[in-house]
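Asker: Have a look at the structure that comes next, please.
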Amino acid sequence: MSSMDITFPAFDLRFMAPEIFLFLWALFVFAYDVTSKRKSSTAAGYLAMLGLMIAGAILAYTNYGQGYGSMFLFEPAAKFFKIIFLGSAFMAIGSSFGITKERIINHRGEFFGLILLSTVGMMFLSSSNELLSLYIGLELTTIPLFVLASFFKDNKLSVEAGIKYFIVGAFSSALLVYGMSFLYGLSGTTDLVQMKINIAMTHLTFKEIGVILVLANVLIIAGLGFKLSLPPFHQWAPDVYEGSPTPIAAFLSVGSKAAGLIAFAKIFVNGLYAFNGPEMAPNDWGILVGILACAAMILGNTVAIRQTNIKRMLAYSSIAQVGYIMIGMVTMNDLGIASVGFYIFAYMFANMGAFAIVAIFEERTGSCEIQSYAGLSHTSPVLATTFAVFLLSLAGIPPLAGFFAKFFVFASAIKMAQADATAGWLYWIVGVGLLTAVFSLYYYANIIKVMFFSKEASPYRVHYTFPSFGIVLIGIAGVIIFGLYPEPILKFASDISLSFGFLP
Amino acid sequence: MIPISAYLIVAAVLFGIGTVGVLISRNMIVVFMCVELMLNAANLALIAFSRALNIMDGHVFVFLALAVAAAEAAVGLAIVLAVYRNRETVNIDRFDMMKW
Amino acid sequence: MADYLYLIPLFPLIGFLINGLLLGKLSRSMVNLVACASVAASFVVSLLLFFDLKSLPPDSRVIEQVLFTWIPSGTLHVNFGFLLDPLSAVMILVVTGVGFLIHVYSTGYMKHDPGFGRYFAYLNLFTFSMLTLVLANNYLLMFVGWEGVGLCSYLLIGFWFEKKSASDAGKKAFIVNRIGDFGFLIGMFLIFWHVGSLDFRVVMEQAPIVFIAGSGLVTAICLLLFVGATGKSAQIPLYVWLPDAMEGPTPVSALIHAATMVTAGVYMIARTNILYMMAPDALMVVAIIGAATALFAATIGLAQNDIKRVLAYSTVSQLGYMFLACGVASFTAGIFHLMTHAFFKALLFLGAGSVIHAMSEQQDMRYMGGLKKYLPITYITFLLATLAISGIPGFSGFFSKDEILWKSFSSANGHPILWAIGFVTAGLTAFYMFRLVYMTFHGKERMDDETRKHIHESPYSMTVPLMVLGVLSVIGGWIGIPHIFGATNYFEHWLEPVMAAGKHFAPVHTAAAESGGASTEWMLMILTVVFVLAAIFIAYLFYNKRTELATAWRQRLTGVHNLLLNKYYVDEIYGAIIVRPVINLSLFLWKVVDVVFIDGFINGFATMYDGSSEFMSKMQTGRVRSYATLFVIGVVILIAYMVME
């Protein structure tokens, strides 16, 4: 050891205020549920939503800055993603009231509390600037989700989902740590910004580290690919989405993916910044991720057409959506990261809304099969129409938000390919994206067809309950407003790119 | 001094054993044990690097990673328990109700 | 004053919108008022602008009004603008003036027709399109008007669309026109490609610079534009729609197929005179086709029995004269004949309409006869028009036709053979027109009693236009009296600025080619008049005095007669050579290429997609171990791939 001079890094808890608050609130929700007389079935849920709203308010007033050395960095990118995490948790809880009312009697507080804890983990993750805090945030995100996936202990599918999620998740987590260890070894630091510089310099002098870097790349991609459900690490997703409670599936599809995205962006776009592009082969992660993105788009869109369970279909569709997002991720220009942010934002509204409707329908009818939606437009026109709007946004139909999301992603890739001659492979990826986007319309439209154009009317008459209706309204509003007027969000998302060092 | 490569090779071997174990075992608990083995192999690698570079970051990382692994173990085993109560088996191959 | 130019097409457009949108809601008199008033307003404005134009000095007689930039796309810059120069001034006066008279006539003719409102809406739309065509200041806007009149022609020919022959005729007109339009478009593209603009003034200025006189390019452009003209103005080979167009109401035939639309081709060539003067080969083609059509159509007209068919072929023939004029570089004569023809041909058609109306819709002349005592006004006006078309001295047709004949003989682009063809056709024209007059108005009454009881002179709404046109047929030519009579040829002077630029390219030996000079001109004129009078006498003989002669000659020349009666079987030939193969090709393309290849390709693609989906979904076995295995395999493959690079 060197000198005994211990310098304390700056501890500043102010920047962590939303996380701390939400963490304490989660504990409060746990405690409330244990101690209260359980007269109201929805109190815990409303409490949780309240907590989220207050956390959001605190977030709005928190300044940018660095606390705890480089472990915690509050910057525009972090703020953007925290809003997404809070929003997705809010909408997930909001759509869960119906389902939890009957199925969970004794452990309601834990249900909501765990969701809040998972959100804390995500928020922590998005503020990390360092491998360690990134890993801890990631784990704090996933572990509650393991529990939540298997929350319906009596349901065979739910426990199966839980165990599958757990095993594959733990496995990938181990891969992730191993990969991180190599990165640490190569650069001598866990700080991402420092790592960026160190690895680049080491690579200049020792070309042989290339092999180890490849190993690190692939292992980390495997670990994060699990979170993102990127092929070939995607196979848990359909089963887990199908088995777990619908609001949890919703939360997984948006929040967990966004967490994976920000983690990926921090490690690769920030940490391994120099290693994108074919000239850095074999170390470039660009082509690697590009190939995986193509695989995601192709696989997700192809297998989704034969699904009969709506949650499974939405799982495959979200695999495909991640493919599109990754296109934005591999284009290393300002519009790229901004488009990633915009996409996840638009995706949040559409997907949470869609799952909310699935939850409503499931609560009323107990079924998640697509065929059971037949003729819904006759008996519940509002439900059918809103569902159709969400599906069309997912498919990328203008003037809904999903269209602009895809547009910006493709535009950023094309812009990069035009500006930089070595990035010609981006054209291929965009081509695959366009082609598969066309295919995807089939399975989205299939549901619309089943709802609107079936011969008989549905035997079910589904009404909205209050919180779910609010969530659906938020979803519709988001999808339509940001489809007509995407500029503000795009502008906000562009600020993210500043954090990664892209100048507009 | 033991060269760092020795540690790394041990770590790699452990990791490999763990991986193979995950792929082969049918008992959920054994699978999880192998996952823990993989995690510890990664921790070993971290410590080896940290030693070689003479900085403490790796050690700190391992501390926290161990804690996280413990938490994961707790949760995981709880899930295994719930699964067992529901289905009376811990044979992982029996859980294929959701497929294709 | 330039600011009012746009009103001229605007009034009929408003009329169309009012009558069209409020179809069925307006009373008959309201519809009449709107339709006629709009055209009358256009006429008044045209007249005022004409005088404005006249007050300008001759070499700067141009009023242009650009309303807005229509297409500002890259190098193509097209305005929506109107150009009033001496040529278009003549045209708008003819179109609005004759158009107004025909609108008034229609109020009487179509009084009992249920499709009344629709008729006037279409008629106004047509007037708007025609005015756009002649007032446009660039080729593209002119083409818009060109297509517009084609559309209205289709709508009005097939006005009684429940009748299959009418709707077929409408389709035929439109399709044959389209073939011509294709040539027009290619010509227009070539002009744009080389000149960079479609604006008339720009093209006229740039043409001598951009093109080489006599080159293949200019000739090609002129020939392509001429193809468009043959379609619209019913020349060989695209004239076949005009006789069938007689299925439409008679005023339509008068307006569209005699006075205005069919003259669009002549106008277009006169407008583009500079390019044609630079391409003497193209001019020769125009002249030859014009002359040939004139003769060809006249021969067919000899044998027709339907009164409107005779007039239709007569129109084709007279149009041939106009193209002949243009082809011998005498565009002024062509436009002059266009104007006089508008007067007397419209009158002839309206008169025929009056006859048909009186005869309870009977159109076959073999069942007419002796109508002159029943329909005096119709008879007198009709006779005036016939005298005009035959080229009797003093009438309008005489001056215009004579000028054409003289120029085709004497002009440097002319040839005595062309004169000869025109000369023979003049005689034939006189013959068949007087045959018509004699068969219809003179001689024995061959109609049945039922029809005879209903014969009545037409109401004032129909006879007053006849009278006005009658007067015009007589005096209309007096503004273009040729020099040899000692008077000033006002018409030629008026149009001179428009044709001036082209004169540079007139062949050098113009002066010398005025061979013979005045004496030859007198001689040819007198020869023609004598020939015409002889033809009239023969017609009198055959169809009035001793009608058995007609029958005898018909029987002697049965083969020839049948050939003429069946219009040389041209329609049947076209059907076999062109129409059938095209239909067969379409069937082939449909059944084989579309169904088998294209649909098969798409369906195959979808099947492939479905198959791959099935294949990929089998990967998801539901077992965690296989998930983890794929994980590891993925990692290994990726590492291997990256290391191999």
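The values are calculated or read from the model by the stated rules, or taken from the named source; none is laboratory data. On a predicted model such as this, the values are computed, not experimentally measured, just so you know. For neighbour counting, all protein chains shown are included, and Cβ atoms are generated from backbone atoms with ideal geometry for every residue, glycine included.
Asker: Which condition breaks for residue A:141 when tested against (1) β-branched (Val, Ile, Thr); (2) facing chain B (nearest Cβ under 8 Å); (3) under 22 Å from residue A:314 (Cα atoms)?
Answerer: Among (1) β-branched (Val, Ile, Thr); (2) facing chain B (nearest Cβ under 8 Å); (3) under 22 Å from residue A:314 (Cα atoms), residue A:141 violates only (2).
Asker: Go through region A:156-177 residue by residue and tally those that are more than 8 Å from chain B (Cβ to nearest Cβ), more than 15 Å from residue B:70 (Cα to Cα) and of a type outside the set (Ser, Thr, Tyr).
Answerer: So the answer is 2.
Asker: Restricting to region B:6-20, count the residues that are under 15 Å from residue B:35 (Cβ atoms) and within 14 Å of chain C (Cβ to nearest Cβ).
Answerer: 6
Asker: So how many residues does region B:52-100 have that are within 13 Å of chain C (Cβ to nearest Cβ) and either within 30 Å of residue C:614 (Cβ to Cβ) or out of contact with any helix residue (DSSP H, G or I) (no Cβ under 6 Å at 6 or more places or on another chain) (or both)?
Answerer: Adding up the residues that qualify gives 10.
Asker: Right, something else. Being in contact (Cβ under 8 Å) with a residue 40 or more places away in the chain, among the basic types (Lys, Arg), buried (at least 24 other Cβ atoms within 10 Å of the Cβ) and within 25 Å of residue A:239 (Cα to Cα) is the requirement here; does residue A:101 meet it?
Answerer: Criteria not met by residue A:101.
Asker: Of the conditions (1) small (Gly, Ala, Ser); (2) surrounded by fewer than 24 Cβ atoms within 10 Å (Cβ to Cβ); (3) closer than 20 Å to residue A:81 by Cβ, residue A:350 clears all except one; give me its number.
Answerer: Of the numbered conditions (1) small (Gly, Ala, Ser); (2) surrounded by fewer than 24 Cβ atoms within 10 Å (Cβ to Cβ); (3) closer than 20 Å to residue A:81 by Cβ, the odd one out for residue A:350 is (2).
Asker: Has region A:328-343 got any residue that is within 14 Å of chain C (Cβ to nearest Cβ), of a type in the set (Asp, Glu) and either touching a residue at least 60 places away in the same chain (Cβ under 8 Å) or closer than 28 Å to residue A:151 by Cβ (or both)?
Answerer: No, that holds for no residue.
Asker: Let me ask you something else. Examine region A:481-495 for a residue that is surrounded by fewer than 19 Cβ atoms within 10 Å (Cβ to Cβ) and part of a loop (DSSP other than H, G, I, E, B), and state whether such a residue exists.
Answerer: yes
Asker: So which helices (runs of 4 or more DSSP H) stay within region A:96-203 end to end and still have 3 or more residues that are modelled with pLDDT under 90?
Answerer: A:97-103, A:108-126, A:156-187
Asker: Now for a different question. Could you tell me which residue of region C:587-645 is surrounded by the fewest Cβ atoms within 10 Å (Cβ to Cβ), considering only residues that are among the small types (Gly, Ala, Ser) and over 60 Å from the mean Cα position of the chain (by Cα)?
Answerer: Of everything passing the filter in region C:587-645, C:640 is surrounded by the fewest Cβ atoms within 10 Å (Cβ to Cβ).
Asker: Another one. Give the residues of region A:220-233 that are within 16 Å of residue A:255 (Cα to Cα) and not charged (D, E, K, R), sorted by residue number.
Answerer: Within region A:220-233, A:224, A:225, A:226, A:228, A:229, A:230 qualify.
Asker: Take the conditions within 25 Å of residue C:417 (Cα to Cα), out of contact with any Gly (no Cβ under 6 Å at 6 or more places or on another chain) and modelled with pLDDT of 85 or more and apply them to residue C:583. Does it pass?
Answerer: no
Asker: Condition (residue is surrounded by 17 or more Cβ atoms within 10 Å (Cβ to Cβ) and either of a type in the set (Lys, Arg) or touching a His at 6+ places or on another chain (Cβ under 6 Å) (or both)) applied to region A:435-444: is it met by at least one residue?
Answerer: no
Asker: Looking at region C:39-59, which of its residues are at pLDDT 90 or above and in contact with a His (Cβ under 9 Å, 6 or more places away or on another chain)?
Answerer: Within region C:39-59, C:39, C:40 meet the criteria.
Asker: Please work out if residue B:49 is of a type outside the set (Ser, Thr, Tyr), more than 7 Å from every other protein chain (Cβ to nearest Cβ) and out of contact with any Asp or Glu (no Cβ under 6 Å at 6 or more places or on another chain).
Answerer: no
Asker: Would you say residue A:249 is within 28 Å of residue A:285 (Cα to Cα), crowded, with 24+ Cβ neighbours inside 10 Å and either more than 7 Å from chain C (Cβ to nearest Cβ) or modelled with pLDDT of 95 or more (or both)?
Answerer: The answer is no for residue A:249.
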